[in-house]
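Read-outs throughout are calculated quantities, based only on the coordinates presented, and are distinct from any laboratory measurement. Here the structure is a predicted model, which is why all the values come from computation and not from measurement. Glycine also receives a Cβ, built like all others from the backbone with ideal geometry; neighbour counts cover every protein chain displayed.
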Amino acid sequence: MSHPQAAALERGIAALGLTLPEAAPAQLLAYLDLIARWNQVYNLTAVRDPQQMLTQHLLDCLAVVQPLRQQAAALDHADDLRLLDVGSGAGLPGVVLAIANPGWAITCVDTVAKKATFIRQVGAELGLRQLQAVHQRVEDMSTAPFSMITSRAFASLVDFVHLTRERLAPGGCWAAMKAHLTDEERQAVPADVEMFHVERLAVPGLDAERCIVWMRATV
Ligand SMILES: C[S@@+](CC[C@H](N)C(=O)[O-])C[C@H]1O[C@@H](n2cnc3c(N)ncnc32)[C@H](O)[C@@H]1O
């Protein structure tokens, strides 16, 4: 029997014009099921309705896949990007990016142990070999730097940049997933950080503003 969200996922992927690996739709649906199952015990996300979870989480994260691929190509890392997803929670967008781009080495970091444990479990069950989950404060990490650092619903832009600056490789960039950007938030970004693009996104089935705020260090 097919998964109850399979058709809606397929429509969403088509609406985004996304090309995904053959295994991706089944992996995304299995991920959805794992979130729902673990949510009963661990409270990973406040969104509980499966249809809402599909739109507000999976499609919302799938909407950034193509823009991130384009930027990875511009960084000359189309197929081998090292990406850090900060404050991943249940793995959003890190797990979705790992499913969409199996060649990318993706590290998800979160201060909450059960969230890192959940992401490790997802990686093991879905065979996502390039996905890692770290239970730590991002500012305490001491790993090799990353070419791209993402976040979704994590912090203000100024805090995002401040807390992760040491982890960004020279020439790399930040991608903050946001609903919208306020003037106050824009103005608080440090002078040595260039906000080089605010990319508007349309999420299938979601009547809400979404964007990626792209930034890079100028020194
Ligand atoms: C609002 S949740 C967003 C989760 C996920 N990105 C999403 O979009 O559903 C923010 C997450 O950031 C984590 N967090 C907060 N401060 C952090 C820090 N300094 N380093 C790493 N993770 C942090 C929290 O534990 C929480 O899971």
Apply the Karplus parameterisation 6.51 cos²θ - 1.76 cosθ + 1.60, with θ equal to phi minus 60°, to every residue of segment 148-159 and state each ³J(HN,Hα) to the nearest whole Hz, in sequence, with x for glycine and proline. 9, 10, 10, 7, 9, 6, 9, 6, 5, 4, 5, 5
Output the 0 to 90 degree angle, nearest 10, between the alpha-carbon long axis of helix 65-74 and the longest principal axis computed from the alpha carbons of the chain. 40 degrees
Looking only at segment 6-217, where both bridge partners belong to it, what percent of the DSSP beta bridges are antiparallel (to the nearest 5)? 40 percent
Amide H to amide H under 5 Å from S147: which residues, 5+ apart in sequence or cross-chain, H placed 1.01 Å off N in plane? R82, A169
Listed with the fewest Cβ neighbours within 10 Å leading, F154, F196 appear as F196, F154
For segment 5-16, in residue order, the Karplus 3J(HN,Hα) values (coefficients 6.51, -1.76, 1.60; θ = phi - 60°; whole Hz; Gly and Pro = x) are 9, 4, 5, 5, 5, 4, 5, x, 4, 5, 5, 7
Considering the options F196, Y42, L83, tell which one lies farthest towards the positive end of the dipole of the chain, charges being +1 on Lys and Arg and -1 on Asp and Glu at the Cβ, about the Cα centre. Y42
Quick check: Cα centre of segment 24-81 to Cα centre of segment 96-149, how many Å? 13 Å
In a Gaussian network model of the chain with springs linking alpha carbons closer than 10 Å, the residue among P170, P102, P145 that fluctuates most is P170
Search the structure for amide H atoms under 5 Å from the amide H of V193, placed 1.01 Å from N in the peptide plane, and list their residues when 5 or more places away or on another chain. T218
On a 0 to 90 degree scale, rounded to 10, what angle separates helix 24-42 from the longest Cα axis of the chain? 90 degrees
Given 84-94, 173-183, 13-23, the highest-first ranking by average Cβ count within 10 Å works out to 84-94, 173-183, 13-23
Under 10 Å, Cα contacts only: if you run a Gaussian network model on the chain, which one of H57, H162, H135 comes out with the highest mean-square fluctuation? H162
